[in-house]
Amino acid sequence: MTLDEMKPGHVGEIVDVTAEGILGQRLLDMGFIPGTRIRVIRNAPLIDPIEIAMKGYHISLRHSEAKGVEVKTV
Amino acid sequence: MSEKSAKILVAVAGQPNSGKSTIFNMLTGARQHVANYPGVTVEKKTGSYSLNEEKVELVDLPGTYSLTSYTQEERIARDFLLNEGPSVVIDVLDASNLERNLYLTFQLSEMGIPPVISLNMMDVAEGRGINIDIEKLGRHLGASVVPTVGNKGKGKDGLKEAVRATSQGGQSNPFRLDYGEELEIHLSFLEKKLSEDTTLSTLYPLRWLAVKLMENDAEAQRLVREKATNANKILNFVVEKRKDYTTAYKKAPEKAIAQMRHQAAQGIVEACITREKEIKPSLTDRIDQVVLNRFLGPCILVATIYAIYELAIVQGYNITPYTWPLLAWTRDPIASILPSEGFIVDPFFRSMPLWVIDGAIAVLNYIPIFLILFSLIAILEDTGYMARMAFILDRVFRYFGLHGQSVLPMVIGGLYVGGCAIPGVIATRAMKDEKARMATIMVVPLMNCLAKIPFYILMIGLFFGAYKGIAMFFIATITIIIALAVAKILSLTILRRKESAPFILEMPAYHLPTVQGVLRRCLERTWLFVKKIITIVIVVAVIVYVLIYFPGISNDRESWNQNQADQTQQSFFEKMGKDNPYASLFAGDGLLSFASYWDAYSKAKMGAKGKEGKEAMDQRFREKNLAFFTIIKKGNYELEGKLINDEDAKKVYTAYKKLDKTRNRLRREHREETIVSGYMGRAGRFIEPFTRWAGFNWRVNIALMSSFAAKENSVATLGGIYQSPPGEKEGVLEERMREEEKGWTALHVLAIMLFMAMYPPCIPTLLMVRLETGSTKWMLFATFYPIVLGLIISILVFTGGSLLGLSGLQAMIGFYVLALIFLVAMGLIKREPEFS
């Protein structure tokens with residue numbers, strides 16, 4: 001499944017970053033690396049974007065961007 | 001000079017939210033200089049400090065997570081390190097977020113510049129129970145590591161000493177990231193290939209270049225293409241190696257490289273960090289549960305925006321009456337050294353400089369607003385709430401090609417009623433998404449700035465008096481609707497090819513801002529604004545002045561005026577009586593000096609408060625010129641306890657009163673005639689056949705055109721054209737307009753109001769647009785598209801409304817509904833795929 005399908009409160013693990021170009025590179029730079037634990041904290045009040053926690057910091061990204069991250073639930 | 005006074009160039013790098021700017025401020029103190037990197041709009045801060053007679057020059061690089069060539073900021077940071085050759089780079093790390101921060105550190109060290117690590121926010125890390133073995137970290141990285149707390153000034157001396165030592169001794173054991181056997185084989189082949197090129201090997205660190213080429217970095221490829229003697233061979237070799245790797249490991253090399261960096265960072269963190277306690281929800285998490293709550297979040301956001309508006313715009317505006325006298329006070333000394341007034345026509349070198357000064361003062365008057373506003377923005381940025389605002393609002397704004405971060409600039413520009421586009425445009429600086437940023441810059445001036453308000457009030461008073469509230473609501477919200485639609489159109493058309501960035505936004509932990517940090521930023525930005533006003537606005541004001549008042553009226557008319565002036569003066573002398581003992585006072589320049597005495601007295605009288613104030617004022621004027629004073633008091637005054645009644649003085653008073661009235665009328669008529677026959681007046685009449693479709697006659701055309709220098713002028717110019725006697729209130733102007741424009745209906749007024757709502761930005765704003773977009777073309781676009789848009793809307797409302805026989809209110813509601821439908825339609829247009 002992809003990151004945008006995860007619900008708030010769910011914990012997952014990154015499998016792959018399928019996005020390419022600037023989005024893919026930004027995700028990689030921010031630490032979206034296979035094996036990383038990731039937790040969806042919340043949706044924004046208007047559902048999009050989402051906030052996630054990984055490695056001790058919080059990042060918000062749009063659903064369209066989260067689609068570029070392959071995850072599995074743990 | 002001794003060699004000791006050599007300069008050391010040091011770059012300061014770090015990820016966003018690492019407290020980089022606090023370290024920069026801590027080291028340099030007040031010795032800072034802000035400019036832009038050449039050719040781009042990214043701010044470049046430089047500063048310096050001295051240590052043991054050595055001058056250290058610091059350059060603050062943009063905060064970046066990485067050093068790819070995808071974003072402007074990363075390219076700038078990278079180019080600086082490559083081309084300017086700093087002797088040391090201070091790498092600021094967030095100690096509480098070490099792993100991700102090291103990701104940048106690795107890339108910096110690949111560039112071959114000896115690093116000094118500023119392990120910042122140690123207090124935050126300690127608070128979270130993170131213990132870092134500093135010595136071990138230093139050994140791992142092959143660099144000096146200095147623990148710092150930037151906003152408390154801790155670690156300053158240590159950092160300076162480390163910079164000194166590193167700049168002299170270099171890096172004894174430079175850190176080299178091992179990318180693993182699979183990648184290293186390719187990297188070493190590539191590096192060898194690159195070393196065969198004699199130019200490349202002298203210009204760039206080859207290991208770095210090899211890694212970048214392996215990452216498929218466009219800029220690195222460009223460097224090879226430009227500098228290498230056999231570029232194609234090298235680039236083909238790169239393609240081959242990348243392909244080899246991808247087929248062998250089913251993975252793009254850039255992914256593997258990023259992964260190895262993160263793994264290495266993880267390894268170092270595990271070796272150097274011990275955590276005392278279990279991670280429990282931090283204070284930030286608890287605050288966010290409220291601030292980002294689905295229901296409370298938007299409420300808090302609205303409250304925050306309202307507070308900013310109230311504190312900066314409303315309260316800031318309330319301060320201006322107190323600061324205004326300070327500005328006006330600078331006008332008088334200048335006025336006094338200029339040539340003195342004429343009877344009807346003032347000399348050019350009096351009226352032009354005063355016009356320019358008045359224009360500058362009108363804008364400088366907003367300084368209190370700016371100071372408060374910029375402080376509040378700095379607080380929002382420093383606390384971390386800015387990222388939350390973007391998080392909450394992104395969804396709404398994204399539909400229109402904007403960004404969650406667009407909201408603040410728009411609020412400042414006057415999202416509801418009353419703002420200022422200048423700081424609004426400056427506030428877009430924080431936006432990373434270039435496309436959305438450009439769209440925001442273009443629509444911020446459509447918001448309702450403070451200077452448009454008096455004009456609206458005048459117009460609403462003219463024909464919408466019965467439903468003022470509705471009309472004001474209409475004008476306040478229609479601008480938002482139009483601005484959003486415009487933003488969408490721009491982003492679908494001319495902005496289509498602009499660089500867009502992923503939203504991906506770090507939500508930093510909340511911080512308490514420091515007074516010093518906030519003040520510094522606030523003063524910096526205000527100063528930037530003032531500097532611009534002083535330099536360029538003046539030039540433009542002169543041009544506008546010339547357009548309005550030149551070429552002047554014909555010689556015949558001038559001599560007719562002179563004739564009138566002579567007659568007026570003659571009848572003045574007749575009225576006071578030929579043998580009046582005061583007559584001699586008015587010979588030659590006497591009349592004009594009495595006129596300025598009279599004006600000064602009337603002005604002082606308005607300003608004087610209480611009985612004592614009035615007496616002191618009288619005393620002053622009595623001392624200045626006793627004879628004039630006697631006249632002004634109609635001959636009735638007290639002298640040494642006796643009441644004096646001077647009939648001759650009274651006669652002069654009555655005669656002068658009449659003269660004054662005639663003179664004012666002549667001056668007004670002359671001014672109106674000059675404006676009408678001036679370049680702008682001619683243009684106003686020339687375009688009248690066209691603007692009639694929008695309901696504007698030439699008088700309105702002139703008033704609108706002259707508002708270009710500053711919208712504050714609009715009401716004043718109308719006042720001039722409709723001959724409202726000076727000093728009288730706007731209400732009177734309304735009546736005069738109604739009298740003169742008998743043919744006007746509410747539709748005329750509605751069309752004019754809408755045109756004013758779309759009015760092009762004032763000159764200071766345009767300068768900011770020029771500065772923030774870095775392009776004159778965009779500035780010109782920002783000038784002309786609102787004119788076209790405003791005309792289309794006005795024609796639609798006026799001509800359309802007239803044809804349908806709508807009343808003003810009907811047209812208003814009709815247009816509103818139409819605009820809303822259009823907006824929704826625009827919002828529904830699918831955005832193009834953001835990133836290919």
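The values are calculated or read from the model by the stated rules, or taken from the named source; none is laboratory data. Please read these numbers as outputs of a predicted model, since none were measured by experiment. Every residue, glycine as well, gets a Cβ built from its backbone with ideal geometry; the counts of neighbours run over all protein chains shown.
Below, the figures for the structure above:
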item	result
Top-ranked residue of region B:582-605 - restricted to ones that are surrounded by fewer than 13 Cβ atoms within 10 Å (Cβ to Cβ) and not polar (S, T, N, Q), ranked as nearest to the chain's Cα centre (by Cα)	B:K603
Residues of region B:529-574 satisfying the condition of being under 30 Å from B:N36 (Cα atoms), buried (at least 17 other Cβ atoms within 10 Å of the Cβ) and of a type outside the set (G, A, S)	B:F529, B:K532, B:I533, B:V537, B:V540, B:V544
Complete set of residues in region B:86-132 that are under 20 Å from B:G153 (Cα atoms), under 36 Å from the mean Cα position of the chain (by Cα) and away from chain A (no Cβ under 14 Å)	B:V89, B:I90, B:D91, B:V92, B:V116, B:I117, B:S118, B:L119, B:N120, B:M122, B:D123
Residue in region B:280-289 that is over 30 Å from B:E672 (Cβ atoms), small (G, A, S), within 13 Å of chain A (Cβ to nearest Cβ) and touching a residue at least 12 places away in the same chain (Cβ under 8 Å) present	yes
Unique match (being within 28 Å of B:L402 (Cβ to Cβ) and not in a strand (DSSP E or B)) among A:P8, A:P49	A:P8
Which numbered condition B:T274 fails, given (1) under 30 Å from B:L512 (Cβ atoms); (2) surrounded by fewer than 12 Cβ atoms within 10 Å (Cβ to Cβ); (3) within 13 Å of chain A (Cβ to nearest Cβ)	(3)
Residue pairs meeting the criteria (Cβ under 7 Å; at least 6 apart or on separate chains; first at the interface with chain A (Cβ under 7 Å from one of its Cβ atoms) and closer than 16 Å to B:M389 by Cβ, in region B:494-508; second of a type in the set (S, T, Y) and surrounded by 18 or more Cβ atoms within 10 Å (Cβ to Cβ))	B:L505/A:S60; B:E506/A:Y57; B:M507/A:S60
Residue match in region B:372-385 (condition: within 14 Å of chain A (Cβ to nearest Cβ), under 27 Å from B:E524 (Cβ atoms) and in contact with a strand residue (DSSP E or B) (Cβ under 7 Å, 6 or more places away or on another chain))	no
Neighbours by Cβ (under 8 Å, 6+ apart or cross-chain): first from region B:223-252, under 15 Å from B:E196 (Cα atoms); second surrounded by fewer than 16 Cβ atoms within 10 Å (Cβ to Cβ) and among the polar types (S, T, N, Q)	B:K227/B:T199; B:A228/B:T199; B:T229/B:T198; B:T229/B:T199
Exclusive hit being of a type in the set (K, R) and not in a helix (DSSP H, G or I), set B:R176, B:R164, B:R207	B:R176
Any hit, region A:38-60, residues being polar (S, T, N, Q), within 7 Å of chain B (Cβ to nearest Cβ) and in contact with a Leu (Cβ under 8 Å, 6 or more places away or on another chain)	yes
Tally of residues being part of a helix (DSSP H, G or I) and within 17 Å of the chain's Cα centre (by Cα) across region B:429-487	16
Within region B:279-305, considering residues that are exposed (fewer than 13 other Cβ atoms within 10 Å of the Cβ) and at pLDDT below 85, the one nearest to B:G414 (Cα to Cα)	B:P281
Helices (runs of 4 or more DSSP H) (entirely within region B:76-157) containing at least 1 residues that are within 16 Å of B:R176 (Cβ to Cβ) and among the small types (G, A, S)	B:98-110, B:134-141
Residue ID - nearest to the other protein chains (Cβ to nearest Cβ), chosen from residues in region B:388-404 that are assigned to a helix (DSSP H, G or I) and in contact with a Lys or Arg (Cβ under 8 Å, 6 or more places away or on another chain)	B:D394
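Per-residue answers, yes or no, for (1) part of a loop (DSSP other than H, G, I, E, B); (2) at pLDDT 90 or above; (3) touching a strand residue (DSSP E or B) at 6+ places or on another chain (Cβ under 7 Å); (4) over 30 Å from B:M768 (Cα atoms):
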residue	(1), (2), (3), (4)
B:T783	no, yes, no, no
B:I792	no, yes, no, no
B:L806	yes, yes, no, yes
B:K830	yes, no, no, yes
B:F835	yes, no, no, no
